[in-house]
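Take a look at the structure below.
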Amino acid sequence: MTTIPRMEKVQKPKRRVLSWSGFFVFLFVYRCFCSWFAEKVILRLTFVGDTWSYQHGLYPEEYSRLPLSASTFFDFASSQLSTVVTAKIGGFFNRIFGGSPVLIDIGFQAICFVGLVYFLKSVEGRPRKWLALLVMLPSFSIWTSIASKEAIVAGALAVLSGFLLRMYYGKPKTVFLPLVAFFLMFLFKPHYLIALAFGIFGTLICYRVKQKSFLALVGGLFSFSLLYLVRDKIDALSFGVQRLFLITFQGGSSRNEAFFVDKYDVFLKAPLGMFQSFMGPSLADLTKSPLNIVTFTESLILLVLLVFLVVSRIRIMPAYNFILGGFVLFWIIFPNYPFGIMNVGTAIRYRAGWIILLFAIVAGLMTHAANSARRSNSNMLSVTRKRLL
């Protein structure tokens, strides 16, 4: 009697509704729409003077006499050189696009788009899907899709954040684009490099030792000690930034009361200030503008989503990833919160510049680590069951 071989069920490959190449095309079109929407709607509801200047390639006359010397390049307290560079880029787009504000904005968003593509290609699987959703955040998309420093900064930070993730995943790493991004970051926002340096060097060093969690914790505490050494300088800078906003930005979305009152308030009030600068509008600000309601709702949804991603995976997340990611988040939010605490609109606009690193840590580094740990535990359980059977 012959036995008929059993036919194994062949699983058909799942059909993708949209390939990643198709998604990148969609993302570019979506960001182009954001450029149009920002120009035709948002910029008519709220005044953003520097966008008009960048679109016309204009900057203060005294900046044209800025000496291109080492002292100018390493003057971290000055934004003159980055302003000139942004205006030069805007002037170039103005000439090739015939002065069309929307097309100039699209030119700026294309710079950021290049960084976003590199960023998303740095991860695979579920983390990439989460990151793809987060980079479509309306406020992030709008403020990085107009003629602004944020478009350049977000694009550069996306490349460097992607480079950090590639280091962690052990993926092939291109050098040219990260070097260009590093130069732009150093030129525009050198204080962002503190968080990036902690993440990159922490990854390089910790991967060569067994006690990763302990070393990451020691490194983080050591970075706090450096913060203590320059406490007076940071305190003076925080009051200087606050004074600038109280004098320059009156009314509108500005807060009229000083946030920093006593010495070292920048440290003592850091938890509240970091939270408020992330959220933007408070409950008291909702009655001042319809945009505040939309922005607050978006920030609340974003906060709930990020907390969910962390809390739902914290039980299986390696301690090393949680510690390293936590210190990186602190070092990207803390240096930026004095710039956003005094003005609701500025808080959201500045957040668009640095939030991509927050996405990389929460939805990339922490999520991937937790998923890897879950798969590892599942594989070990399967092997154990087979042995018992």
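The values are calculated or read from the model by the stated rules, or taken from the named source; none is laboratory data. The model shown is predicted, which means the values in this text are computed figures rather than measured ones. For neighbour counting, all protein chains shown are included, and Cβ atoms are generated from backbone atoms with ideal geometry for every residue, glycine included.
Being farther than 18 Å from Phe23 by Cα, modelled with pLDDT under 90 and among the hydrophobic types (A, V, I, L, M, F, W, C) is true for just one of Met167, Met185. Which residue is that? Exactly one residue qualifies, and that residue is Met167. From the list Val180, Val209, the one residue that fits, being outside any helix (DSSP H, G or I) and of a type outside the set (D, E, K, R), is Val209.
The set of residues in region 279-296 being closer than 19 Å to Val41 by Cα and not small (Gly, Ala, Ser) consists of Lys288, Pro290, Leu291, Asn292, Ile293, Val294, Thr295, Phe296. Scanning for something more than 22 Å from Ser148 (Cα to Cα), loosely packed, with under 10 Cβ neighbours inside 10 Å and either modelled with pLDDT of 75 or more or touching a His at 6+ places or on another chain (Cβ under 8 Å) (or both), does region 16-27 turn up at least one residue? Within region 16-27 (the criterion being more than 22 Å from Ser148 (Cα to Cα), loosely packed, with under 10 Cβ neighbours inside 10 Å and either modelled with pLDDT of 75 or more or touching a His at 6+ places or on another chain (Cβ under 8 Å) (or both)), the answer is yes, since at least one residue qualifies. Taking (1) surrounded by fewer than 24 Cβ atoms within 10 Å (Cβ to Cβ); (2) assigned to a helix (DSSP H, G or I); (3) outside the structural domain of Phe278 (by TED's automatic domain parsing) in turn, Ala197 satisfies each apart from (3). When region 120-164 is filtered for residues that are not small (Gly, Ala, Ser) and not in a helix (DSSP H, G or I), the ones remaining, listed by number, are Lys121, Val123, Glu124, Val135, Met136, Leu137, Thr144, Ile146.
Residue count for region 63-106 satisfying the condition of being modelled with pLDDT of 90 or more, among the aliphatic types (A, V, I, L, M) and in a loop (DSSP other than H, G, I, E, B): 0.
In region 286-297, the residues that are in contact (Cβ under 8 Å) with a residue 24 or more places away in the chain and not assigned by TED's automatic domain parsing to the domain that holds Phe140 form Cβ pairs under 6 Å with partners that are part of a helix (DSSP H, G or I) and not charged (D, E, K, R), at six or more places apart or across chains, as follows: Thr295/Ile348. No other residue among Lys189, Lys212, Lys233 is surrounded by 19 or more Cβ atoms within 10 Å (Cβ to Cβ), closer than 30 Å to Tyr59 by Cα and of a type in the set (Lys, Arg) apart from Lys189. If you go through region 151-172 and keep only what is within 30 Å of Pro281 (Cβ to Cβ) and either in contact with an Asp or Glu (Cβ under 9 Å, 6 or more places away or on another chain) or surrounded by fewer than 24 Cβ atoms within 10 Å (Cβ to Cβ) (or both), you end up with just Ala151. Restricting Leu217, Leu302, Leu244 to those that are assigned by TED's automatic domain parsing to the domain that holds Gly325, out of contact with any helix residue (DSSP H, G or I) (no Cβ under 6 Å at 6 or more places or on another chain), in contact (Cβ under 8 Å) with a residue 40 or more places away in the chain and aliphatic (A, V, I, L, M) reduces the list to Leu302. Screening region 254-333 for helices (runs of 4 or more DSSP H) wholly inside it with 2 or more residues that are aromatic (Phe, Trp, Tyr) returns the ranges 270-279, 290-311, 319-333. Scoring Leu221 on the criteria (1) farther than 17 Å from Phe322 by Cα; (2) in a helix (DSSP H, G or I) leaves a single failure, condition (1).
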